[in-house]
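Every number in this text was worked out from the coordinates using simple rules, so none of it is lab data. Values in this document were obtained by computation on a predicted structure and should not be read as measured data. Cβ sites come from the backbone with ideal geometry, for glycine too, and all protein chains shown count toward neighbours.
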Amino acid sequence: MKKISTDLIVIGAGPGGMAAALKASEMGIKNILLVDRLEELGGILQQCIHNGFGLQKFEKDLTGPEYADHYINLIKKTNIEVLLHSMAIEITKDKKVILSNNIDGLIEVSAKAIVLAMGCRERTRQQVSIPGTRPAGIFTAGVAQRFVNIEGYMPGKSVVVVGSGDIGMIMARRMTLEGAKVHAVTEILPYAGGLTRNIVQCLEDYQIPLHLNHNVINICGKDRVTGVKIAKIDSNGDPTNETFDIECDTLLFSVGLIPENELSRMVPLDINPVTGGPYIDDTYHTGNDGIFICGNAAFVNDLADYVSLEGEIAGEAAAKYALYGNRPNSRIPTIAGDNVRFIVPNFITRQDQVTLYVRVTEPITDVRVISTDGIVNLKKQIVKPSEMVEIKLDSDKLKKISQLKELKIDVKKNG
Amino acid sequence: MYNIAIIGGGIVGNAIARELSRYDLKTILIEKEIEVSFGTSKANSGIIHSGIHDKPETLKGRLCFMGNIIWGQLATELRIPFERVGEILVARSDEDIPVLDQILENAKTNNIPAEMVTGTKLREIEPNLAPNINTALLAPTAGVIPPYEMTYALYENAMQNGVEYLLESKVTNIINDKNGFIVTADSREIKAEYVINAAGVYADDIAKLIGANNFKILPRKGEEYILDKRLDNINNHIIFPTPNPTSKGILVIKTIEGSTMIGPTAEDINDKEDTSTSEAGLKKILDFVRTMVPDIKKSDIIASFAGIRPVSDTNDFIIEESKVVPHFINAAGIQSPGLTAAPAIALEIIEILKESGMDMRKKNNFKPYDKPHRRLTLLNNNEKELLIKLNKDYGNIICRCETVSEAEVVAAIKNGAKTVDGIKFRTRAGMGRCQAGFCTHHVMRILSKELSVPEETITKRGGDSRIVKEKR
């Protein structure tokens, strides 16, 4: 087996991995290996030909491939070694990674530090237990996106989208633009799963009905999907007798994303059941010394821009770890309080600046995001699960926090 | 003119074909689907039963017992993984214990290894059982195999030994005269001295074409659900409830791949094609299996399917030459334990043919061993390295969840796979927790290249099941 040593290996070359590798390179790390299973850099960005990328990071409205190009061009100017079309199939506690491809066979990489940036995968029809038959014509929205935008095939012509995640809404528009009829988007919850801008720009602008509190309860068709039965959902989340049928040949599922952590489990890293990613501190360091994780592999983000920011933090910290090999001793846990589904990172170690992300359990208007000892106290007109609350902590706040046993964040209704 | 035409390419038809390929006979197998194993056999639990559930005086009981023994050798010959993980029948209440005692007595009489396991010993061998379960009957000779791989291996070996296959050909008519049968399968007419009816849920319809239908097939649907591989230690055995007179019940099944499967339901239906799953079926299974293994969660489910058991109106297997149509042999009503019994059914058919006067001479060039099915995921890194040296495409992983390489997909196509499902059943690409999110377009690309057909014509399982509608 071919064996190589490197200071840093970054697994996954999407927005997180590319940003991490670049930042580590800026930090003066000489040997960086950036690996991806696909044939080109950019990861899922390459199939996201819609706009809306870079608004936060560059204050520009870019498409996914344009956003990726920004990083790809920067990477070309560095000494970062890029290895594409290679799958990481094994990883160990002591930071050895085994890669597989059809040129070198297996390669064992020993690294001083690792950044995991595998991104996430989509929940499937099976994971939301939709009964019925199992014909052709059932896709996750992201797979359909790949077929249309990369492979050049239309998955179908008459479509129902199940779930109102961002990719589902974006694909509702995309399929419409490509000449398909999108009959409906169903959402089991009383509110949409994706961003408000996507509800407006992808559904309302194209008169695609969004059925909140509705779910597909049966899929029909033997060889190919022929239709679905949709039911109104009651307040307990159960289907009611109020149903209607739609004839269609294709179903796209957009029912949530799951951090991709096959490799993390091999280490093994302790996985947070709520986020689906490993527990991390504010440098995106996992519980295993020298293994960092960023982006959607750590927890599902709203925007690629956030993923890149996390990649930079993880890349900088991984570079420091590769150079000096130490990590801070003291860390303050962050705790999800009232109306908070999760808060990340899970531990605060830094003194300079930290951004916390809070995902709320349900939409609430007129709230206060408040922490232990009132160190954080933000007023928000509305919070919702589809858009994480960002909490920026400066050195003053972090100094106060360093005196605490834990930092609990509650989201409380005003008054 | 063929000596023998077999109708139906499931586990039974293929086991018969392979057994017949030992003899100097011209045999053809006719299957209506685009690939073999696409009917009931693809929706099987993969259990090789010990035989304790069935009475030895029934065909089911006798052939199950024999089949269990034959499988040991057959799995070796066909290079299919087979593990005798053992089955346990648990007592969920005190009333179950005398029933288990009786089964144990029967097992002893029939020479099936079995023993009672109780208390801490039971906890030790099966730690996740419900706390109120303190008694179980263990039958260690029960095992698990990958059922579709087994069917494909029989098919490949039969073909290698000279059996012809006619796929995508539905039998619509059978007539006979003094020279034998003429079987119409779509546009082709097959002449054969003997016809063996292994048509599964359609066995009664096939028999009716020639008036050999002294039985009816009652389709009985079973839904099953597969749990994430990560929970591989949730059960060590195939866990059964104590059976009642009509059913083996709903099980927690250890599969050969390490994932756990729960089910099946048993629902009598009218439509022989209705393989839909239902909310009620899922609830029934979850509620039931939690009485045995309480930790099983709905959120652990990664896949579901349903299969249709061909239950005969006699409730036993029907394996006999028709009394009204000589040389027409039914192998019908093969429901559970059909997979276990399949190789014994094949031997039974051989005996029937001999008795009926068929000239059965063994060939001297029969090759019992199948070529190895190389599965990357089962190899260590040194073995992987060697394999990649032989063929670089073993290094190209196209399915992340199940670690399947491009070379394995190519091999499956060389062995007859034509569809995305055919690749899935042979290689496991697409069976993991992402349910083909990553591999579908890779599989389509490889199928398109190897079969020299456009990607947009690739189907999930033949017929109108094209994956994509058109080129953009």
Quiz item: Give me the Kirkwood hydrodynamic radius of the stretch A:202-254 in Å, from all C-alpha pairs, to one decimal place?
Solution: 12.3 Å
Quiz prompt | Efficiency of FRET between A:Asp69 and A:Thr92 - r from beta-carbon atoms, R0 35 angstrom, step 0.05 | solution = 0.50
Quiz item: Taking Rh as the Kirkwood radius computed over C-alpha pairs, what is the Stokes-Einstein D of the stretch B:76-164 at 10 °C in a medium of viscosity 1.306 mPa s, expressed in µm² per second?
Solution: 103 µm²/s
Practice problem: Take the stretch B:203-293, drop everything but the C-alpha atoms, weight them equally and run the Debye formula without solvent; then report log10 I(q)/I(0) at 0.11, 0.18, 0.21 Å⁻¹ to two decimals. | Solution: -0.42, -0.85, -1.02
Practice problem: Would you mind counting up the charge near B:Glu355? Only other residues with Cβ under 13 Å from its Cβ, with Lys and Arg at +1 and Asp and Glu at -1. | Solution: -4
Quiz prompt | trypsin sites (Lys or Arg not before Pro) restricted to the stretch A:57-144 and DSSP loop, no more than 16 other C-beta within 10 Å | solution = A:Lys60, A:Lys77, A:Lys93
Quiz item: Does anything in the stretch A:382-413 have its amide N under 19 Å from the 7 Å Cα→Cβ label point of A:Asp61, and if so which residues?
Solution: none
Quiz item: At B:Val324 and A:Lys181, where each label point lies 7 Å from the Cα along Cα→Cβ, what is the point-to-point distance in nanometres?
Solution: 5.0 nm
Quiz item: Per 5 Å bin, what percent of the C-alpha pairs of the stretch A:356-398 does each bin hold, from zero upward?
Solution: 6, 21, 32, 24, 11, 6, 0
Quiz item: What's the FRET efficiency of A:Gln381 with B:Glu83 using the Cβ-Cβ distance as r and R₀ = 45 Å, to the nearest 0.05?
Solution: 0.15
Quiz item: Using every alpha carbon pair in the protein assembly as shown, what percent of pairs falls into each 20 Å bin from 0 up to the bin containing the largest distance?
Solution: 14, 42, 33, 10, 1, 0
Quiz item: Any idea what angle helix A:304-324 forms with the longest principal axis of chain A, computed on alpha-carbon atoms, 0 to 90 degrees, nearest 10?
Solution: 20 degrees
Quiz prompt | Cα Rg, Dmax (largest Cα-Cα span) when computed across chain B, Å | solution = 22.2, 67
Self-check item: Whole-angstrom gap from the stretch B:352-424 to the stretch B:442-472, using each part's C-alpha centre
Solution: 22 Å
Quiz prompt | Ratio Rg/Rh [Cα only; Rh per Kirkwood] for the stretch A:331-415 | solution = 0.95
Practice problem: Compute the label zone of A:Thr365 within the stretch A:387-402: residues whose backbone N is under 18 Å from the point 7 Å along Cα-to-Cβ. | Solution: A:387
Exercise. At 7 Å along the Cα-to-beta-carbon direction for both B:Thr291 and B:Phe366, put a label point, then send me their distance in nm to one decimal.
Key: 4.6 nm
Practice problem: Mind checking the full-extension length gain between B:Leu451 and B:Gln160? Use 0.36 nm per residue of separation minus the Cα-Cα distance, one decimal, nm. | Solution: 102.7 nm
Quiz item: On average, how much area does the Cα convex hull of the stretch A:93-224 cover when viewed from any direction, in nm²?
Solution: 11.6 nm²
Quiz prompt | Relative contact order for chain B, counting Cα pairs under 8 Å that sit 6 or more residues apart, in percent | solution = 20 percent
Practice problem: Work out which helices of chain B, taken as complete DSSP H runs, extend at least 30 Å along their axis over the Cα atoms and score a mean Kyte-Doolittle of -0.5 or more, then list them. | Solution: none
Practice problem: Could you list which residues have their amide H under 5 Å from that of A:Phe253, counting only those 5 or more apart in sequence or on another chain, with H placed in the peptide plane? | Solution: A:Phe139, A:Thr140, A:Ala141, A:Val162
Self-check item: Calculated SAXS-style log₁₀ I(q)/I(0) at q = 0.11, 0.12, 0.14 Å⁻¹ - chain A, Debye, Cα scatterers
Solution: -0.87, -1.02, -1.29
Quiz item: What is the set of long-range amide H partners of A:Arg224 at a cut-off below 5 Å, with H atoms built 1.01 Å from backbone N?
Solution: A:Ala136
Quiz item: For B:Ile398, which sequence-distant residues (separation of 5 or more, or a different chain) have an amide H within less than 5 Å of its own amide H, given hydrogens modelled in the peptide plane?
Solution: B:Val404, B:Ser405, B:Glu406
Quiz item: Hey, quick one: spin label on B:Leu379, modelled 7 Å out along Cα-Cβ, who in the stretch B:406-450 has an amide N within reach, i.e. under 15 Å?
Solution: B:406-412
Exercise. Largest first and in whole Å, give the semi-axes of the stretch B:376-457's equivalent ellipsoid, each being the square root of 5 times a Cα gyration tensor eigenvalue.
Key: 21, 15, 10
Quiz item: To the nearest Å, what is the center-to-center distance of the stretch A:217-252 and the stretch B:232-290, using C-alpha atoms only?
Solution: 25 Å
Quiz item: To the nearest 0.05, how large is the calculated FRET efficiency for B:Glu105 and B:Glu189 if R₀ is 35 Å and r is the Cβ-Cβ distance?
Solution: 0.05
